[in-house]
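Nothing in this text is a laboratory measurement; each read-out follows from the coordinates by a stated rule. As the structure is a computational prediction, the values presented were derived from the model and not from experiment. Cβ placement follows ideal geometry from the backbone for every residue including glycine, while neighbour counts extend to all protein chains displayed.
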């Protein structure tokens, strides 16, 4: 479920966040156990996906996926929480919810043994409780993409923010039934009000895709619009060009 996030996270750099980093819900993360001898590297140490904080690691080991899952079943069997297993070929998935957190192990076979994605996320209801405590009362989570201009009736598919060594990045994907040209005109006008200047605008020969590049200070915003059946899909990525 999270493999595609690895590619997206690597492209996120810096942007101002509508929800301040101090409020990002970056909790004191509990440790994620790993088998002895495993090679573990960070994919994302602090991101927020659709308002839910999470961490993602990649793990490689000489053990088979079956042995990897056996390690976690044994480690977690007496640790409390709920375990669940499923398979989405070629990946085998084991998850455990405990307290405020959800641990997920996704593993598959590779020639050297196994490759696994380890994800720990804060449960959404716990994020809401943390916000209520911070604000001294009811404080529902903002809607995904709530502060980004989009046409009426648009549906947000992804709103992902990253926080890395004081830098923040964001990527938003949404879709609607309006033509590409209508979306492009609306975004161009709205972003102008936000202080952005358009300096590139490329259309495909068949008219089924368009890419616009905006800048504001040291920041760059790339908006890619493409037609998929009866829907227009819009992917917006804001980065620091320094």
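Here are some notes:
- Cα centroid separation, the stretch 177-233 to the stretch 35-98 (Å): 38 Å
- Footprinting exposure proxy for 107, 86, 61, 224 (fewest neighbouring C-beta atoms within 10 Å first): 86, 224, 61, 107
- Net lengthening on full extension, residue 86/residue 45 (0.36 nm per residue, minus Cα-Cα): 12.2 nm
- In plain terms, the residue of 233, 106, 181, 189 with the fewest other Cβ atoms within 10 Å comes first and the most crowded comes last, giving 189, 181, 233, 106.
- Residue 123-residue 227 pseudo-label distance in nm [points 7 Å out on the Cα-to-Cβ vector]: 4.6 nm
- Relative contact order (percent, whole number), the stretch 155-240, Cα cutoff 8 Å, 6+ residue spacing: 29 percent
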